[in-house]
Each structure stands twice: as structure tokens, then as C-alpha cells.
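The values are calculated or read from the model by the stated rules, or taken from the named source; none is laboratory data. All figures in this text were calculated on a predicted structure; none of them were measured in a lab. Here the Cβ positions follow ideal geometry from the backbone for every residue, glycine too, while neighbour counts run over all protein chains shown.
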Amino acid sequence: MANTFKSKWADYVIFGLSIFLIFCLLFESYIELPPLVAWIGRWHPLILHFPIVLLIIVIFLDPSRSRISQLLLTIAVLSALLTAISGFFLGKETGSQGDLLFWHKWLGATLAILAAIWYGLLAMGRRPKFLIRGMQILMGGLIVFTGHYGGMVTHGEDFLALPSARKSQEIPENPLIYTHIVQPILENNCVQCHNPNKQKGGLLMTDLSALLKGGESGNTIIPGQPEQSEMIRRLHLPSGDEEHMPPEGERPLEADEIRILERWIALGAPDTMRLEHLEPSEPLSQLIRDLMIPDPLKKWETLPAVADSTLINLSSDYLSLIRMAGTTNALKVNAYKPPEYHAQMLLDLMPIRENIVELDLSGLPIGQDELSFAANCPNLEWLEIDQTPISDEEIDTLRILQKIRLLKVFETGIGDKSVGLFREWKTLKNLYIWDTEISPSVLEEFKTENPGILINTGIDSEIRSYFVDSDSIPTE
Amino acid sequence: MGHHHHEPKEKPSLKVNRRHFFSQLSIGIGSLALGSLLIPDLFKGPSNEAKALGLGVRHFAPKAKRIIYLFQAGAPSQLETFDHKPTLRKRMGEDLPESIRNGQRLTGMTANQDKFPLMPPKIGFQQHGQSGTWISDFFPYTAKIADEITVIRSMHTEAINHDPAITFFQTGSQISGRPCMGSWLSYGLGSENKNLPSFVVLTSRGKGNSQGLYAKLWSSGFLDSKHQGVLLRSGKDPVLYLNDPEGLSRSDKRHLLDHVSSLNKLHHVETGDDEIESRIAQYEMAYRMQMSVPDVMDISKEPEHIIKLYGEDCQVPGTYAANALQARRLAENGVRFIQLYHQGWDQHGNLHEEMSGQAKDVDQASAALVLDLKQRGMLEDTLVIWGGEFGRGNYCQGKFNPDNYGRDHHPRAFSIWMAGGGIKPGLNYGQTDEFGYNVVENPVHINDFHATLLHTMGLDHEQLIYKYQGRRFRLTDVAGHVVKDILA
């Protein structure tokens with residue numbers, strides 16, 4: 001096809017727009033945009049797609065080598081210039097410009113002007129191929145980087161980051177309420193639009209002083225007055241409301257997250273207050289503690305997979321295998337006493353021993369075999385072997401277990417030796433240990449040594465005597 | 001129970017019926033495009049149910065694995081149990097201000113009274129434990145566990161009569177026919193011990209004025225009948241018709257069951273009715289229960305200190321104390337939902353005398369149950385609930401007489417307590433006004449109560465759904481919020 005489109009007008013327009021763009025960039029600080037022109041800037045996000053596609057097409061078709069439609073070439077370069085100019089207008093509307101916008105602006109402008117020069121060179125017919133080719137490669141690179149910076153301005157800096165890179169900070173033992181609790185909530189929900197690069201509504205939410213400063217709508221938080229604080233008001237608006245934050249399409253905050261922000265503001269938006277400074281009755285204290293409990297499902301993620309059919313095959317009338325929750329591979333195993341009990345019932349579970357996190361053998365006539373099996377379950381956290389005939393020697397088999405958190409051994413034959421075993425288990429949190437052969441003094445010593453372990457030695461003696469000793473059934 | 005018509009589940013043996021056909025059709029190309037425009041949720045439809053349907057699948061890691069519900073049928077007065085209101089004494093005999101009653105609907109028993117004289121409790125109140133929980137002197141034993149329990153003083157309901165009120169508590173609806181809490185849990189979580197039902201009911205009766213209890217209160221409604229509660233009776237026949245007639249050996253029984261089962265299976269292939277499968281499973285369960293139930297019910301091996309803990313009454317079958325001890329044994333054996341009913345709390349008159357007797361029936365054993373569960377490490381994963389179906393009015397029913405008074409039903413505020421199973425210990429939650437009439441802080445509706453219960457068991461009340469006769473049902477219907485403040 002012959003190239004029929006050859007208009008001088010197009011060349012003049014491209015030349016004119018290039019000059020206009022350069023003028024804009026040079027005299028940026030002197031320019032005041034009339035509202036209608038500013039409105040043109042709003043079309044930037046729409047038209048920017050044209051140069052991206054069209055420039056890439058013409059670069060790949062390579063006009064230095066093959067003949068391509070002059071019309072296509074003209075539209076591509078024109079769209080690049082229009083995008084750059086509308087982008088300039090849009091950028092003028094944003095009060096302060098951060099790093100991202102700075103780079104986006106200059107890369108975009110360079111790209112547009114480069115495209116115009118490249119167009120001029122092609123039109124003039126002088127074609128040193130290496131120059132044309134070089135410019136094309138440069139333009140390709142500029143498209144990628146301009147687009148990427150533009151994307152980060154719109155969608156947030158870590159929009160392209162891999163999901164696992166999402167910030168989920170570990171909360172330290174006694175966290176600073178602002179630094180470790182409040183700011184991460186803002187970080188995950190608000191900062192995407194309220195950062196130095198974007199600063200929607202003139203509001204920065206990257207640090208406490210910025211928060212206190214507020215934005216275009218006035219105050220963001222008023223220390224001590226959550227109800228009066230703009231941020232809280234907007235969080236509580238119905239999700240369809242125009243002023244609701246985060247805006248439509250974004251994940252709204254969890255109820256607990258909002259309550260944390262509220263209570264923190266109610267307490268005066270302190271920056272150095274720590275969890276332990278809070279009164280126990282302060283709701284914020286519990287809210288933070290809830291956050292600090294690791295999700296148990298997470299810790300079980302690494303367990304080997306076990307199929308539902310396996311569970312069905314291995315369970316019986318006297319043995320139930322239940323997933324701890326959802327589709328987790330962590331299992332709770334309950335054994336009930338069949339008319340004729342044999343240890344084999346349990347030993348059959350060897351293939352899934354790594355999946356068992358809770359094991360209930362209460363009241364069964366268990367011995368060495370069963371405890372050896374339990375010792376083979378490396379992920380066991382919860383073990384009930386109460387009301388069984390086990391003794392020191394048998395329970396010692398369990399020594400290799402590393403994750404025991406709760407142990408029930410009341411009404412068993414274990415003695416003082418077993419206490420040595422409990423001392424070694426650093427993960428132990430709850431121990432139920434009454435009615436055994438352990439001497440009271442040893443147990444008392446173990447109790448004082450380990451205030452962190454909840455050691456239940458039966459009903460408190462005072463309460464017990466109130467129930468047991470008094471004539472409980474008064475005669476009428 | 002009447003004939004159930006079930007939504008057919010996906011089964012290869014099922015013949016295609018009309019509804020099936022149309023539901024398949026809706027995935028046709030034409031309806032796909034149009035349908036998704038008209039009904040945005042068209043393709044999201046089954047996702048919730050799919051999540052809820054897996055048997056024994058919890059939505060998240062649970063705090064509680066079982067519930068023991070000590071239901072005080074007839075509605076004990078909050079003003080003589082946990083809600084201490086000194087104002088009633090100060091303004092004794094004065095008419096209940098209309099600004100407080102605020103148009104509350106009354107039962108036929110007091111609606112025609114022209115005066116509503118405020119009536120203080122005759123019983124004293126003390127604060128107990130480090131939590132400073134107010135508990136009336138009717139409950140000296142419960143007072144000893146004040147720091148183990150959370151008292152909720154802001155419960156409220158809509159029902160003003162016993163039957164709809166208990167039905168509301170059990171099923172989430174005042175109108176009978178819906179499945180009970182225990183049935184929902186059995187449906188959502190399956191059974192833990194296949195030799196016992198996952199939902200067991202035990203009843204007892206005090207000397208106080210009582211109202212009837214009906215089997216519909218442990219019905220599975222439109223859920224599979226295997227989720228129905230099983231009433232365990234006192235005496236030598238805990239489950240009716242469970243024992244074999246004399247002369248029938250265990251192996252004869254086995255043969256009988258095998259043959260009946262094969263006949264039932266034939267019938268199932270023919271009709272595809274799921275109730276037949278249920279029936280086969282129930283025969284099998286009954287067979288195993290012949291062994292397991294007498295074992296669980298036999299308290300002869302309980303040591304003396306345990307017997308004394310619950311009170312010597314617990315050796316008398318059919319008493320509340322005996323049922324409380326039984327409840328612990330059932331809980332140990334993997335029963336998920338153990339429902340006790342103690343009747344006799346409907347004090348329209350002679351309130352002080354009657355409540356004194358009722359409290360003696362239940363006080364020690366209820367507290368003992370909590371202590372016993374605690375020493376066994378079972379309070380960690382067992383939720384205990386104590387309470388009735390509504391509260392009682394703060395004014396005197398009938399003629400004003402401080403020595404012998406009664407109280408009419410009151411739905412707007414009443415008190416219950418909970419312990420263990422992921423509930424904060426030693427908490428006082430919610431408040432009523434100075435008259436004990438209206439909730440003024442942290443109201444907890446029955447729907448909220450249900451949502452919270454399911455939450456402790458690891459279930460999301462909005463995802464525990466059963467589709468029946470073309471609509472989706474939940475225990476909390478279309479309401480309910482988890483009361484997070486009381487969760488540990």
C-alpha cells in the first residue's frame with residue numbers, strides 16, 4: 001500500500017505541541033491552570049494507554065527498515081505528546097510532588113520529546129540507521145519506566161511486589177502502641193494513597209506528626225476525641241458513601257482495627273505508650289493481645305498433607321480423627337474405650353503421626369506401647385493421659401517431644417521423677433497433675449520455680465472443703 | 001416426627017427432577033450471560049454452603065469443643081440472682097414509671113393491673129471474688145466460683161411467654177420447626193464419639209411452679225434426624241427402647257440389624273431418600289449405645305469427694321445434681337452438646353420460698369461442675385452456660401405484699417452466666433438501668449448469644465447454612481453479632 005497520508009498539518013501540530021510541552025516544563029512554577037485546562041488533565045489516565053500501545057507497535061515494526069503507515073506513526077507520536085501534556089496538567093493539581101511523581105514526569109516528558117525528534121528525523125528522510133535504532137531502544141526503555149513509575153503513583157509503591165512481601169510485622173513482647181500497632185494498620189490500609197508521592201486530600205499518614213497536622217478536610221485525629229476525629233467518622237460511614245475510607249473497591253478495615261484506632265485516639269494518641277502501661281480494663285489492651293496471638297492455622301501450614309479418605313479409613317467406632325479447623329492438616333485424635341481394648345488401635349495411626357497435634361487417651365488402660373506412639377508424634381501439643389495406669393518409667397518415653405503445651409496426668413501413677421521431665425519441656429503452659437504419686441513438696445517447689453506454667457493441682461482446698469465438708473443438702 | 005421433604009443432595013443414584021433440571025439449565029450459555037447481569041450473585045450461590053457443608057469442618061480454630069447448657073426453665077428472676085438493684089428497695093411500692101416501662105407488652109397475667117408497684121428482692125446480695133460480681137444469697141456455691149464465670153446482665157429477647165421464648169433460645173426462632181442449637185452443632189461439626197449421640201438432653205424438676213418441656217426443644221427440625229437430641233432418662237432405662245427384650249442375644253441382634261440394613265439399602269437405592277441412610281446409621285448407633293450408655297451413666301466408680309462436690313443429691317437419679325455429674329461424664333466421652341433442663345423457675349407468686357428451693361437444687365451442682373471441669377482441664381475447651389428464657393418484671397404481680405410476692409415475665413433484660421470455653425473469666429458484662437428493667441449498656445440479643453456460641457465452637461454463624469424448601473437457613477437467621485468483648 002502506498003503511503004497516502006502525508007499532511008504538513010500533522011507535522012506542524014507535533015512541532016507545536018513539543019514546543020508547548022517544553023515551555024510548560026521550563027516555566028512550571030509560573031503557570032496557573034484555568035479550571036477547564038486542569039480538567040483536561042483528568043483525561044491523562046485514559047489517553048496514556050494509546051502511546052504505550054502505539055509506540056511499542058511502531059518501534060517493533062521499525063520504520064527504519066520497513067515501510068509502515070505514516071498515519072500510525074503520526075498518531076503514536078501525537079498521543080505521546082498529548083499524554084505528556086495532560087499528565088503535566090494532572091501533576092499540577094497535586095499539591096506536593098514526591099519522588100515517584102518527579103521521575104514519572106521527567107521520564108514521560110523525555111519520552112514524548114524524544115518521540116517528536118525521532119518523528120522529525122524520519123520525516124526529514126535522513127536516516128542514519130544506528131541513530132534511529134538507538135532512539136527506538138531508548139524509547140522502549142522509557143515507556144517501561146515511565147509506565148512503572150506512573151503505576152506506582154496510582155496503585156502504591158508495592159503494588160507489583162509479590163504477595164509474600166506484604167508487610168506483616170512481628171509484634172514484640174511489650175509493643176509500643178503507636179509504632180507497633182497503630183502505624184502498621186495505617187501502613188496496610190491508608191498509606192497507599194496518603195504518602196508523599198500521592199497525598200490524596202492533602203493528607204500524609206506516614207507518621208504521627210503528619211496525622212496530627214491533618215489534611216484538606218481539617219483535622220484527621222483529635223487526641224482524646226475519637227468521635228470528633230475525621231478519620232474515625234469516615235471509617236464508620238456506610239461503605240457506599242463517597243466519603244467512606246478506604247474508598248470503594250479497597251478492603252475496608254476490620255472492626256477490631258477501627259476499635260484499636262478509636263481507643264488509641266481516646267487515650268490521647270500517645271506515641272510512647274506501651275501495652276503494659278494500659279489499665280487491664282482498657283479494651284485496647286485486649287484488642288492488642290488478640291493481635292499478638294499467632295494464628296494457629298499458620299503454624300500448622302507445614303504439616304504433611306493428609307487426605308479425607310485417609311481419615312475416614314483410619315477412624316473407627318472408638319477412634320475419631322478430626323481436623324483442628326477448616327482444611328488444616330493438623331489433627332485431633334480421640335480414643336474411646338471399646339469393649340475389648342488393644343493398643344493396635346492407636347499404633348495403626350503411625351502413617352499420620354506427624355499430623356497429630358492433640359491426642360486424648362484419657363481413661364484408657366494404656367502403657368508403654370501407647371506412650372511410645374505418642375513420643376513418635378513430633379508435633380504433639382496437647383496430650384491427655386489422665387486416669388490411666390501410667391508410671392514414671394513410661395511417661396519418660398515422652399522426653400523427646402518438643403512442642404507439648406498442655407498435659408493432663410491427673411489420677412495416674414507418676415511420681416517425683418516425672419517432675420524432672422516437666423522441667424525440660426520449655427513449651428509447657430498447662431499441667432493438670434492432681435491425685436498422683438508426686439509428693440506435695442516436690443510439686444510445690446516445681447510450682448514456685450515455674451510461675452509461667454498454669455499448674456492445676458485440683459480444686460483449691462478452701463473451696464473444696466466448702467463444697468465437700470459442709471452438709472451440702474440442707475434438710476427442710 | 002412428620003415426614004421430611006429434603007432438598008436432594010448430589011448423588012449419582014438420584015433421578016433428575018424438575019428443580020435439578022432447571023438448576024442445571026441455569027448454567028447454560030444463554031442464561032449465563034443474562035443471568036450474571038441480572039443476578040450478580042448467581043455464580044457465588046453455593047460457595048457459602050460448600051464451605052459449611054464439610055462434616056466436622058470448623059471455619060477457624062475453636063476455643064470450645066463442647067457445650068454444657070444448664071437451662072433454668074421457667075425463667076429465674078434476674079433481680080433475685082445476679083442483677084442487684086438497690087433502687088427497688090428505695091422506691092419500694094412506687095408505681096413503675098411509664099418512661100421506664102415505655103409501652104412494654106405484658107402477659108395476660110398482669111396486663112390488666114392498674115398499678116405496677118416496684119418490688120425489691122427479699123434476698124440479700126453480696127459482691128464476690130476479685131471480680132466483685134454481685135450474686136444473691138440464694139447462690140452461696142456459685143459465689144465461690146465468681147471469678148470463673150462471666151455474668152451477662154444485658155440479655156434480651158422478644159418473647160414474653162415460655163414456649164416461644166424457650167423455642168427462641170433453642171432454635172433462633174419463636175415459631176417451632178427450626179433445628180435446635182445442639183442439632184446445628186451436630187450438623188456443622190459431626191459427632192466426636194460414634195458410640196454416643198452428639199446432642200444429649202437431661203431433664204430434672206424442682207418444686208417451684210413449672211412449665212412443660214416438649215421434645216420439639218431437642219428436635220433437629222429440617223436437618224437430618226440423626227442430629228436430633230437424645231433424651232437420657234434417669235433410672236435403669238436411660239434411653240427408651242434401647243435395651244433388647246429378654247432372650248435376644250447380642251449376636252442375634254447383630255444378625256437382625258444386618259438384614260434390616262440390607263433391606264433398607266435396597267429401599268434407598270430405589271428412592272434416594274436420605275432419611276433411610278439416617279435410619280440405618282441410627283440403628284447402628286443404638287446397637288453401640290447399648291454398651292456405651294450404661295457405662296457413661298454408671299457413676300458408681302466416682303470417688304466420694306466428687307460425689308460430695310456435686311452434693312449427695314447427685315446419687316439420686318433424676319436430680320439436677322445427678323444430671324450435672326452426668327453432664328461431665330458425657331462431656332468426657334465426646335458428646336458435643338449437653339443440654340440440661342431444670343424446671344420450676346416460673347415464680348408468679350411465692351417467689352422467695354420457691355426460688356430458695358430452686359436455687360438449692362442447682363447452686364452447688366452447677367458450681368461443682370465448673371470446678372470439676374476446671375481441675376480436669378476441661379474448662380479450657382468446654383463452654384458452660386447457666387440461664388433461663390427471659391427475665392422477670394421489677395414490679396409485683398397481683399396485690400402488693402413484700403412478704404409473698406411474684407413477678408411476671410420480662411423480656412427486656414435478664415442475666416445469665418457462662419464459664420470456660422474461650423469466655424473471659426470473672427467478667428461482668430452489660431448493665432440494666434437502676435430499675436433492672438431496660439438494658440442500658442452492651443445489649444446481647446439471643447441472636448448475638450447464638451453467634452457467640454457458634455464462634456467459640458469454631459463456626460462462623462453466617463456460614464453455617466442449610467438450604468431447605470428453597471431458602472437458606474441459619475441458627476441466627478439474618479441477625480446476630482459475635483460478642484467479642486467476652487471472648488478470652
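Set side by side, the residues B:VAL269, B:VAL239 differ, and just one is in a helix (DSSP H, G or I) and of a type in the set (Val, Ile, Thr), which is B:VAL269.
Considering only residues in the stretch B:359-398 that are away from chain A (no Cβ under 11 Å) and among the charged types (D, E, K, R), the one that is farthest from B:ILE486 (Cα to Cα) turns out to be B:ARG392. Restricted to the stretch A:324-346, and to residues that are over 25 Å from B:SER292 (Cα atoms) and of a type in the set (A, V, I, L, M), which residue is surrounded by the most Cβ atoms within 10 Å (Cβ to Cβ)? Among residues in the stretch A:324-346 that are over 25 Å from B:SER292 (Cα atoms) and of a type in the set (A, V, I, L, M), the one surrounded by the most Cβ atoms within 10 Å (Cβ to Cβ) is A:ALA330. Within the stretch A:393-412, the presence of a residue that is among the aromatic types (Phe, Trp, Tyr) and away from every other protein chain (no Cβ under 14 Å) is excluded.
Just one of (1) surrounded by fewer than 21 Cβ atoms within 10 Å (Cβ to Cβ); (2) assigned to a helix (DSSP H, G or I); (3) modelled with pLDDT under 90 fails for A:LEU100. It is (1).
Being away from every other protein chain (no Cβ under 14 Å), surrounded by 24 or more Cβ atoms within 10 Å (Cβ to Cβ) and closer than 23 Å to B:VAL440 by Cβ holds for only one residue in B:ARG178, B:ARG153, and it is B:ARG153. When you scan the stretch B:182-189, do you find a residue that is on the phi < 0 side of the Ramachandran plot, loosely packed, with under 15 Cβ neighbours inside 10 Å and at pLDDT below 95, even just one? No: zero hits.
Only residues that are of a type in the set (Gly, Ala, Ser) and within 20 Å of B:ILE100 (Cβ to Cβ) were counted across the stretch B:399-421, and they come to 3. Every condition in (1) modelled with pLDDT of 85 or more; (2) more than 16 Å from A:HIS104 (Cα to Cα); (3) out of contact with any Pro (no Cβ under 8 Å at 6 or more places or on another chain); (4) β-branched (Val, Ile, Thr) holds for A:THR146 except the one numbered (2). Screening the candidates A:LEU371, A:LEU428, A:LEU380 for the property of being in a helix (DSSP H, G or I), more than 11 Å from every other protein chain (Cβ to nearest Cβ) and at negative phi yields one hit, A:LEU371. Taking residues in the stretch A:450-465 that are away from chain B (no Cβ under 11 Å), and partners anywhere that are part of a loop (DSSP other than H, G, I, E, B) and at pLDDT 90 or above, the pairs with Cβ atoms closer than 6 Å and at least 6 places apart or on different chains are A:ILE453/A:LEU428. Exactly one residue out of A:LEU321, A:LEU297 is in a strand (DSSP E or B), aliphatic (A, V, I, L, M), within 12 Å of another protein chain (Cβ to nearest Cβ) and surrounded by 12 or more Cβ atoms within 10 Å (Cβ to Cβ): that is A:LEU321. Quick check: anything in the stretch A:301-317 over 27 Å from A:PHE410 (Cβ atoms), in a loop (DSSP other than H, G, I, E, B) and in contact (Cβ under 8 Å) with a residue 60 or more places away in the chain? Among the residues of the stretch A:301-317, at least one is over 27 Å from A:PHE410 (Cβ atoms), in a loop (DSSP other than H, G, I, E, B) and in contact (Cβ under 8 Å) with a residue 60 or more places away in the chain, which makes the answer yes. Scanning the stretch A:23-68 for residues that are under 19 Å from A:MET135 (Cα atoms) and surrounded by 14 or more Cβ atoms within 10 Å (Cβ to Cβ) yields A:PRO51, A:ILE52, A:LEU54, A:LEU55, A:ILE56, A:VAL58, A:ILE59, A:LEU61, A:PRO63, A:SER64, A:ILE68. Determine if the stretch A:17-31 includes at least one residue that is assigned to a loop (DSSP other than H, G, I, E, B) and at pLDDT 85 or above. Checked against the condition, which is being assigned to a loop (DSSP other than H, G, I, E, B) and at pLDDT 85 or above, the stretch A:17-31 yields at least one hit. Just to be sure before I move on: is B:GLY318 within 12 Å of chain A (Cβ to nearest Cβ), touching a Ser or Thr at 6+ places or on another chain (Cβ under 8 Å) and farther than 30 Å from B:THR110 by Cα in the structure I sent? So B:GLY318 fails the test.
If you filter the stretch B:445-477 down to residues that are of a type in the set (Gly, Ala, Ser) and assigned to a loop (DSSP other than H, G, I, E, B), you find that the one that is farthest from the other protein chains (Cβ to nearest Cβ) is B:GLY470.
Can B:GLU192 be described as surrounded by 15 or more Cβ atoms within 10 Å (Cβ to Cβ), within 14 Å of chain A (Cβ to nearest Cβ), farther than 22 Å from B:GLU389 by Cβ and acidic (Asp, Glu)? Criteria met by B:GLU192.
Just one of the numbered conditions (1) out of contact with any Asp or Glu (no Cβ under 9 Å at 6 or more places or on another chain); (2) within 12 Å of another protein chain (Cβ to nearest Cβ) is not true of A:VAL333: (1). Checking every residue in the stretch A:202-212 against the condition of being touching a residue at least 12 places away in the same chain (Cβ under 8 Å), more than 25 Å from the chain's Cα centre (by Cα) and either surrounded by fewer than 16 Cβ atoms within 10 Å (Cβ to Cβ) or part of a loop (DSSP other than H, G, I, E, B) (or both) gives at least one match. Within the stretch B:336-358, the presence of at least one residue that is within 29 Å of B:LYS63 (Cβ to Cβ), within 13 Å of chain A (Cβ to nearest Cβ) and at pLDDT 85 or above is confirmed. Of the strands (runs of 3 or more DSSP E) entirely within the stretch B:103-187, those holding at least 2 residues that are in contact (Cβ under 8 Å) with a residue 12 or more places away in the chain and touching a helix residue (DSSP H, G or I) at 6+ places or on another chain (Cβ under 6 Å) occupy B:133-136. Between a first residue in the stretch A:331-353 that is closer than 16 Å to A:PRO378 by Cα and a second residue that is of a type in the set (Phe, Trp, Tyr), which pairs have beta carbons less than 7 Å apart while being 6 or more apart in sequence or on different chains? Pairs that qualify, where the first residue is closer than 16 Å to A:PRO378 by Cα and the partner is of a type in the set (Phe, Trp, Tyr), are A:LEU346/A:PHE373; A:LEU347/A:PHE373. Select from the stretch A:69-94 the residues that are hydroxyl-bearing (Ser, Thr, Tyr), under 45 Å from the mean Cα position of the chain (by Cα) and buried (at least 17 other Cβ atoms within 10 Å of the Cβ) and list them in ascending order. Those that are hydroxyl-bearing (Ser, Thr, Tyr), under 45 Å from the mean Cα position of the chain (by Cα) and buried (at least 17 other Cβ atoms within 10 Å of the Cβ): A:SER79, A:THR83, A:SER86.
Residues are listed down the side, and each one gets a yes or a no for (1) crowded, with 19+ Cβ neighbours inside 10 Å; (2) assigned to a helix (DSSP H, G or I); (3) free of Cβ contacts under 8 Å to residues at least 12 places away in the same chain:
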| position | (1), (2), (3) |
| --- | --- |
| B:SER292 | yes, yes, no |
| B:ILE299 | no, no, no |
| B:HIS305 | no, yes, yes |
| B:CYS314 | yes, yes, no |
| B:ALA324 | yes, yes, no |
| B:ARG328 | yes, yes, no |
| B:GLY334 | yes, no, no |
| B:TYR341 | yes, no, no |
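Checking each residue in the stretch B:195-231 for being crowded, with 22+ Cβ neighbours inside 10 Å, at pLDDT 90 or above and farther than 24 Å from B:LEU475 by Cα picks out B:SER204, B:GLY206, B:GLY208.
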